[in-house]
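Colleague: Input: one structure, supplied below.
The values are calculated or read from the model by the stated rules, or taken from the named source; none is laboratory data. Since this is a predicted model, take the numbers as computed values, not measurements. Don't worry about glycine lacking a Cβ; one is built from the backbone with ideal geometry, like all the others, and counts go over all protein chains shown.
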Amino acid sequence: METKIGQLPAMNPNPVLCVEKDGTVLYSNKAGEPLLHEWGAKVGEKLPSFIVDIVQKAVSRKSLEIMEVEAEKSIYLVSFHPQPEDWSVNIYGFDISGQKELEEKLRIKEKQYNTLYKIERISLVCKSLQDFMDESVKLIASTLELEYCKILELMPDGNFLLRAGTGWKPGLVGKAIVGREKESQAGYTLISGTPVIVEDFAEEKRFKKPELLRTHGVVSGASVVIGSMEKPFGILSVHSTKKRKFISDETYFLKSVSLLMAETIERRRAEKELGQYKEHLEELVRERTAELTKINEKLSQEIIGRRQVEKALQNNISFLETFIDAIPSPVFYRNLDYIYQGCNEMFARRLLGLPKEKVIGHSVYEFKDQFSEEMIRISEDYDRLLLNEGISLPHEVQIRCTDGEIRNFLIHKATYSDVGGNVIGIVGVALDITERKKAEQALLKSEQIRKKEIHHRIKNNLQVISSLLSLQADHFSDIKVKEAFQDSQARVISMSLIHEELYKTREMRNVETFNFEAYIQKLVNELFRSYIVGREDIHLKLDTESVLLGMDTGIPLGIIVNELVSNSLKHAFPRGRSGKIQIKLHRINSGRARDGNKSPGSCDASEFLLIVSDNGVGLPENIDFRNTSSLGLQLVNILVEQVEGSIDLVRGTGTEFRIRFRETGL
């Protein structure tokens, strides 16, 4: 028996055991102890009956037996290898916990993708937007295995209406109201513009717990914005009565669902507007049809004989041609081979510079001077959609008119059939929208001018506030009061300088940006002028790149720089001590869309490192800058979180704050 045991690898990191046929444990290495503990046996003792059955089966059949065992938070793949000559079994175990965990993650990921697919299908087949929302919240709650899910619609007064939900008490959906701004998780989510996770509402400090969640015993939750920050529809939230830590995959899933919902809501609104426009057109057609019917009835009464009927038909055809020519927009109809069967004078003369006789009977592809390849390709795509799926979508094209000007047209199309009901061609109307687009551009320019004027006025008002703070500070003799006024004045100046920069710069991709490098230079010059009057022993060193930042990122960063530099100027250099304050700003990483190709609407993201340091006396070791009573450092931590950045303190000779942040969409 010692020979058998000596042959086993005692130092093997995986479980290795030797068991007699009757289930008595002969040997176990150190790694095999968790299995013995799980089975409630030791070396020299017998294993449980169900394990003995497997041992005897392996010996009798002389075949390998395999099972899975969970022991001490690990999962092992255990194999029973018979030793017929010794009437024993060698047991080997392999830790497969990592594989099981990966399989579980893949299962959850697949479940989420299936749910996204189902929600997308529901958005196409549901007759109403409410039905789509009701079905979606059920799928989301089931996928994340949570008790509650809800969609809150943002109302005109700023509060939220419980538009759809699952798990909530009867009578609340469609009626319950949730508070706005920071009174609730929904309000905070809308203000921050980013997903908000709450592991335990009992420890939450950012906002209050609404009565709706309190009455349902909610402990944890996650929420995302539905729609863009400029035009939000509302908030999508999930909740649990058990404490739960939401992982990044679940947050990404909620953001993906919110994007699908936003697209569906916008599409439904567009379909409603299109339906109203279609109804209006149909009403006009009915009115015109009624008029034509009356005319035909009158002619029918006057017709006597075949010649009179033929003459009446000819008159009717002539009327229709005249009616089409009277339409002040280009009109055409062509067969399925793209041969023009008819058009009005506006189409022939204005677009092609030809009489109708030179157009009718000719193919679209013969007019390459007027119709570009791109325009023809777009027209073919929408024709296929109309013929194959019966969907008529207006589309915009550019056409070079006979006067040489390239104008914008909105094309509306429909199919027409023969007497047998077979589709034989397409009729279209081209609406000239060139002037409308020019008006839209002029309106956009006016809006940009208005924004600049607003920034200019805000800057002036902030400068007035700064002056008032300075005058008010002169009425106090208490040093701390004066310092408080001085700090407030510095913060007001930092915001004033931002609006001054915004007034000078232009918008990029509908995002207001400004030169952050120039802003920092102005800001620190103002700070030095305010805090070190009469001191020549403190110097400033700037090492910054020329960076354009958006307003949502630049304003918090400007206040952060103001607070950190102000702290250095006030505390780092006691009287008689010289020193240096240094500010660095550099781009450390540039990113693109994940697939490497920039699609319409996608944005680049860049990562930056901002360093504010001094070689002064340094921050005392007993001060935790993340948990301090200092208003300035509290403000710095809040603003770093607002820009989704990170901040670290490097202690040594002086003080150094390192702030990483990302800027997307510029």
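Colleague: Any idea how many residues of region 157-177 are under 23 Å from the mean Cα position of the chain (by Cα) and not small (Gly, Ala, Ser)? Before the answer, list the steps.
Modeller: Pass one, region 157-177, residues under 23 Å from the mean Cα position of the chain (by Cα): 158-165.
After this cut, where a residue has to be not small (Gly, Ala, Ser) as well, the list is 159-163.
Number of matching residues: 5.
Here is a yes/no grid of residues against (1) in the same structural domain as LEU144 (by TED's automatic domain parsing); (2) buried (at least 16 other Cβ atoms within 10 Å of the Cβ); (3) modelled with pLDDT under 90; (4) over 30 Å from LEU144 (Cβ atoms):
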{"position": "GLY6", "(1), (2), (3), (4)": "no, no, yes, yes"}
{"position": "ASN12", "(1), (2), (3), (4)": "no, no, yes, yes"}
{"position": "GLU20", "(1), (2), (3), (4)": "no, yes, no, yes"}
{"position": "GLU33", "(1), (2), (3), (4)": "no, yes, yes, yes"}
{"position": "HIS37", "(1), (2), (3), (4)": "no, no, yes, yes"}
{"position": "PHE80", "(1), (2), (3), (4)": "no, yes, no, yes"}
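Colleague: Of these, LYS127, LYS118, LYS57, which one is of a type in the set (Lys, Arg) and outside the structural domain of ARG163 (by TED's automatic domain parsing)?
Modeller: Numbers: LYS127 fails: outside the structural domain of ARG163 (by TED's automatic domain parsing); LYS118 fails: outside the structural domain of ARG163 (by TED's automatic domain parsing).
Selected residue: LYS57, the only one of LYS127, LYS118, LYS57 that is of a type in the set (Lys, Arg) and outside the structural domain of ARG163 (by TED's automatic domain parsing).
Residues checked against (1) in contact with a helix residue (DSSP H, G or I) (Cβ under 7 Å, 6 or more places away or on another chain); (2) surrounded by 15 or more Cβ atoms within 10 Å (Cβ to Cβ):
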{"position": "PHE347", "(1), (2)": "no, yes"}
{"position": "TYR382", "(1), (2)": "no, yes"}
{"position": "GLY404", "(1), (2)": "no, no"}
{"position": "HIS412", "(1), (2)": "no, yes"}
{"position": "THR415", "(1), (2)": "yes, yes"}
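Colleague: Quick one: which residue in THR251, THR215 is modelled with pLDDT of 90 or more and at negative phi?
Modeller: On the way: THR251 fails: modelled with pLDDT of 90 or more.
Going through THR251, THR215 in turn, just one is modelled with pLDDT of 90 or more and at negative phi: THR215.
Colleague: Output the number of residues of region 380-431 satisfying the condition of being among the aromatic types (Phe, Trp, Tyr) and not in a strand (DSSP E or B). Show your work before the answer.
Modeller: Let us first name the residues in region 380-431 that are among the aromatic types (Phe, Trp, Tyr), namely 382, 409, 416.
In the following step, the residues that additionally are not in a strand (DSSP E or B) were identified as 382.
Qualifying residue count, region 380-431: 1.
Colleague: Can you pull out the residues in region 185-198 that are over 23 Å from ARG662 (Cα atoms) and either modelled with pLDDT under 90 or among the small types (Gly, Ala, Ser) (or both)?
Modeller: Taking region 185-198 and keeping what is over 23 Å from ARG662 (Cα atoms), we get 185-187, 198.
If the condition is that a residue be over 23 Å from ARG662 (Cα atoms) and either modelled with pLDDT under 90 or among the small types (Gly, Ala, Ser) (or both), then GLN185, ALA186, GLY187 are the ones that fit.
Colleague: Oh, and also: In region 130-143, which residues are surrounded by fewer than 21 Cβ atoms within 10 Å (Cβ to Cβ) and more than 18 Å from ARG163 (Cβ to Cβ)?
Modeller: Within region 130-143, just SER142 meets the criteria.
Colleague: Test SER192 against the stated conditions and say whether it is surrounded by 15 or more Cβ atoms within 10 Å (Cβ to Cβ), small (Gly, Ala, Ser) and in contact with a strand residue (DSSP E or B) (Cβ under 7 Å, 6 or more places away or on another chain).
Modeller: Details: surrounded by 15 or more Cβ atoms within 10 Å (Cβ to Cβ): yes; small (Gly, Ala, Ser): yes; in contact with a strand residue (DSSP E or B) (Cβ under 7 Å, 6 or more places away or on another chain): no.
When the stated conditions are applied, SER192 does not pass them.
Colleague: Any residue in region 185-196 that is over 19 Å from GLU644 (Cβ atoms), part of a loop (DSSP other than H, G, I, E, B) and not assigned by TED's automatic domain parsing to the domain that holds ILE638?
Modeller: no
Colleague: Right, ARG180: of a type in the set (D, E, K, R), at pLDDT 90 or above and closer than 22 Å to MET261 by Cβ or not? Quick ask: steps written out before the conclusion?
Modeller: Numbers: of a type in the set (D, E, K, R): yes; at pLDDT 90 or above: no; closer than 22 Å to MET261 by Cβ: yes.
No: the conditions fail for ARG180.
Colleague: Taking region 363-373 only, how many residues are at pLDDT below 85 and assigned to a helix (DSSP H, G or I)?
Modeller: Qualifying residue count for the region: 1.
Colleague: Here is a follow-up. Would you check if LYS169 is in contact (Cβ under 8 Å) with a residue 24 or more places away in the chain and of a type in the set (Lys, Arg)? Quick ask: steps written out before the conclusion?
Modeller: Working: in contact (Cβ under 8 Å) with a residue 24 or more places away in the chain: yes; of a type in the set (Lys, Arg): yes.
Against the criterion (in contact (Cβ under 8 Å) with a residue 24 or more places away in the chain and of a type in the set (Lys, Arg)), LYS169 qualifies.
Colleague: Within the bounds of region 221-229, is there any residue that is β-branched (Val, Ile, Thr) and over 17 Å from LEU146 (Cβ atoms)? Spell out how you get there, then give the answer.
Modeller: So in region 221-229, the residues β-branched (Val, Ile, Thr) come out as 224-226.
Adding the requirement that they be over 17 Å from LEU146 (Cβ atoms) leaves 225-226.
Checking region 221-229: at least one residue is β-branched (Val, Ile, Thr) and over 17 Å from LEU146 (Cβ atoms).
Colleague: Looking only at region 373-412, which residues are of a type in the set (A, V, I, L, M) and touching a Lys or Arg at 6+ places or on another chain (Cβ under 8 Å)? Write out each step before concluding.
Modeller: Filtering region 373-412 for residues of a type in the set (A, V, I, L, M) gives 375-376, 378, 385-387, 391, 393, 397, 399, 406, 410-411.
LEU386, ILE399, ILE406, listed by residue number.
Colleague: Given the criterion hydrophobic (A, V, I, L, M, F, W, C), surrounded by 12 or more Cβ atoms within 10 Å (Cβ to Cβ) and over 15 Å from ILE611 (Cα atoms), identify the matching residue among LEU635, LEU649.
Modeller: LEU635
Colleague: Under 8 Å between Cβ atoms, which residue pairs at least 6 apart in sequence (or on different chains) link something in region 411-435 that is more than 20 Å from SER363 (Cα to Cα) and at pLDDT below 90 with a partner that is surrounded by fewer than 17 Cβ atoms within 10 Å (Cβ to Cβ) and among the hydroxyl-bearing types (Ser, Thr, Tyr)?
Modeller: These pairs meet every condition: LEU431/SER329; ASP432/SER329.
Colleague: Another question, then. LYS111 fails exactly one of the following numbered conditions: (1) within 30 Å of THR251 (Cα to Cα); (2) in contact with a helix residue (DSSP H, G or I) (Cβ under 7 Å, 6 or more places away or on another chain); (3) exposed (fewer than 13 other Cβ atoms within 10 Å of the Cβ). What is the number of that condition?
Modeller: (3)
Colleague: Same structure again: State the number of residues belonging to region 227-281 that are closer than 20 Å to THR189 by Cα and part of a helix (DSSP H, G or I).
Modeller: Adding up the residues that qualify gives 17.
Colleague: Please pick out the residue among ILE54, ILE66, ILE91 that is under 55 Å from the mean Cα position of the chain (by Cα), β-branched (Val, Ile, Thr) and surrounded by fewer than 14 Cβ atoms within 10 Å (Cβ to Cβ). Before you say what the answer is, go through the steps one by one.
Modeller: On the way: ILE54 fails: surrounded by fewer than 14 Cβ atoms within 10 Å (Cβ to Cβ); ILE91 fails: surrounded by fewer than 14 Cβ atoms within 10 Å (Cβ to Cβ).
Of ILE54, ILE66, ILE91, the one residue that is under 55 Å from the mean Cα position of the chain (by Cα), β-branched (Val, Ile, Thr) and surrounded by fewer than 14 Cβ atoms within 10 Å (Cβ to Cβ) is ILE66.
Colleague: Right, here's the next one. Among the strands (runs of 3 or more DSSP E) contained in region 543-661, which hold 3 or more residues that are at pLDDT below 85? I'd like the intermediate steps shown before the answer.
Modeller: Details: elements: 548-550, 579-591, 605-614, 646-652.
In region 543-661, 548-550, 579-591 are the strands (runs of 3 or more DSSP E) which contain 3 or more residues that are at pLDDT below 85.
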